[in-house]
Amino acid sequence: MAERKGAYGTSTSDTSFRRTWDREEYAAKAEERERKSREEGKARHEAALAGKKFHRRASTPEDSRDTEARQARLNVADQVGKTSLVPAGAGQGKRGKGAGFYCDACDLTYKDNLQFVEHLNSKQHLINTGESGEVRRATLEEVKDRFEWLKRKREDEKAREVVDLSARIEVAREQEEREREERRRKRNEKRRKTKDGLGVQDARVEDDGVIR
Amino acid sequence: MAHQADARRALDERGYTGTLIHGDNPLKLFEKAVRDRIIDSYYWKEQCFGLNAATLLDRAVDLTFLGGTYGVAQKPTPFLCLAFKMLQLTPEREIVEFYLSQAGEEFKYLRALAAFYVRLAWEKDEEVYTTLEPLLNDSRKLKRRTREGWQLTYVDQFVDDLLGKSRVCATTLPKLNPRVFLEDEERLEPRVSGLGEELDELEDEDEEEKGEINGNGHVSSSEEGEDSEEVAEGG
Ligand SMILES: [Zn+2]
């Protein structure tokens, strides 16, 4: 079985995503930390006013990344239709690599794609892959860039489709040409074999010009 | 402000600290049963996790139909899931306007999605009208998945539904004052059609024709037949 990939199309053990911080980023991070602690103070105060207990969010590691959307659909197609024997009570994920959907980062195997994706979204998995579980807001600029990229991508795909189509037509045409030539050759051969040169009438063995 | 990828937290009464719309958590604009179906759906878990207003475009450009819920299980459409995601994100006004205008010109389902969002989430009635009405000039076709099957609609038709109907895509729309009411209160100028008089004339002719057809009792059943064929073709 092919090694299972993480949700982001890369192997989850790959640590190359970890950023190398430069000063600027570090400063931004420090500011962010300060803001968070201010926010927390405020939330604590508000909770106290409302007579509720304040629950702090689980602290996130310093170098955690923002949580991002999946880059592509999870590749589940190669699992479809396969029967895998899974021990009873494996809903929570089975330790180690086994038949099914394997998470590299957590060393857990899930028996179906739903449980697998639920795991990928879980706090446990996000912590293990160094993600904060927080999604950064996009700016208008980022939205515009994304749009331009998608537009280009779509145009490229369309252009490729056109090329593909004309290439396919060309291949089919050549193939047909070859088959026609082959039929002509056989016909001529048979005609030569019969004495009167008219050939055998019911000797068609080809498949009616169907292109294979 | 960043948001938590896990929507359950956003729906948790105690934990919600995000933007309020119509005085409440915007996710509650969808009915509880619909919310539950969305959050339990595979599309939501796989495709909507971790989206922000930029990456949401990746999904929106892949939409091939709109609708609310469908089938016996009342499965939510990707369109509905993305609308729910927008309510979670509450993107800035300029971003929504960009979805509608430049990006919407390129990707029609994105335009429909943003229009649906505006109708749900924008609080000033006059802005809902002035923002959505220009889209009444967009006659591109849209496929709509209904509870039992498929329907053909158009961007302008969909926007018209948003402005006129009380329920669209499995969602009860917030109250919207009628246009004339806002005009009387001088919160809105009377609407000037984008094409001006020419279009008005055409509309007049249209109405005359319609009157004749209805008078004859020949309701346009043949047209409907064509429509469903086109939908099937678009597959
Ligand atoms: Zn994991």
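For the reader, a short list of remarks on this structure follows.
- Flag for B:THR130 being among the β-branched types (Val, Ile, Thr) and either at positive phi or over 13 Å from the mean Cα position of the chain (by Cα) (or both): yes
- Residue match in region A:90-111 (condition: assigned to a helix (DSSP H, G or I) and either under 19 Å from A:ARG70 (Cα atoms) or at pLDDT 90 or above (or both)): no
- Qualifying residue in region A:140-152 (condition: more than 16 Å from the ligand (Cβ to nearest atom), within 10 Å of chain B (Cβ to nearest Cβ) and more than 23 Å from B:LEU100 (Cβ to Cβ)): no
- Flag for A:LEU114 being modelled with pLDDT of 90 or more, in contact with a helix residue (DSSP H, G or I) (Cβ under 8 Å, 6 or more places away or on another chain) and surrounded by fewer than 19 Cβ atoms within 10 Å (Cβ to Cβ): yes
- When the test is whether a residue is part of a helix (DSSP H, G or I), buried (at least 21 other Cβ atoms within 10 Å of the Cβ) and at the interface with another protein chain (Cβ under 9 Å from one of its Cβ atoms), B:ALA115 does not pass it.
- A:GLU131 being under 26 Å from A:LEU150 (Cβ atoms), modelled with pLDDT of 65 or more and more than 8 Å from chain B (Cβ to nearest Cβ): yes
- Matching option when the condition is out of contact with any Lys or Arg (no Cβ under 8 Å at 6 or more places or on another chain) and at pLDDT below 90, among A:GLN124, A:GLN71: A:GLN71
- Candidates B:LEU51, B:LEU87 - the one that is in contact with a helix residue (DSSP H, G or I) (Cβ under 6 Å, 6 or more places away or on another chain) and farther than 21 Å from A:LYS151 by Cα: B:LEU87
- Considering (1) among the acidic types (Asp, Glu); (2) part of a helix (DSSP H, G or I); (3) closer than 26 Å to B:ALA10 by Cβ, the lone condition that B:GLU123 does not fulfil carries the number (2).
- Selected residue (criterion: nearest to B:ARG167 (Cα to Cα)) from residues of region B:29-40 that are touching a helix residue (DSSP H, G or I) at 6+ places or on another chain (Cβ under 8 Å) and in a helix (DSSP H, G or I): B:LEU29
- Residues of region A:104-124 that are of a type in the set (D, E, K, R), within 13 Å of chain B (Cβ to nearest Cβ) and more than 11 Å from the ligand (Cβ to nearest atom): A:ASP112 alone.
- Contact map, region A:112-125: first residue touching a residue at least 40 places away in the same chain (Cβ under 8 Å), second residue within 11 Å of the ligand (Cβ to nearest atom), Cβ cut-off under 8 Å, separation 6 or more or different chains; pairs are A:PHE116/A:PHE101; A:PHE116/A:CYS103; A:PHE116/A:TYR110; A:VAL117/A:ALA7; A:LEU120/A:GLY6; A:LEU120/A:ALA7; A:LEU120/A:CYS103.
- Candidate set from region A:117-140 (those that are in a loop (DSSP other than H, G, I, E, B) and among the β-branched types (Val, Ile, Thr)); member that is surrounded by the most Cβ atoms within 10 Å (Cβ to Cβ): A:THR129
The values are calculated or read from the model by the stated rules, or taken from the named source; none is laboratory data. Every value quoted in this text rests on a predicted model; they were computed, and no experiment measured them. With ideal geometry, Cβ positions are generated from the backbone for all residues, glycine too; neighbour counts draw on all protein chains shown.
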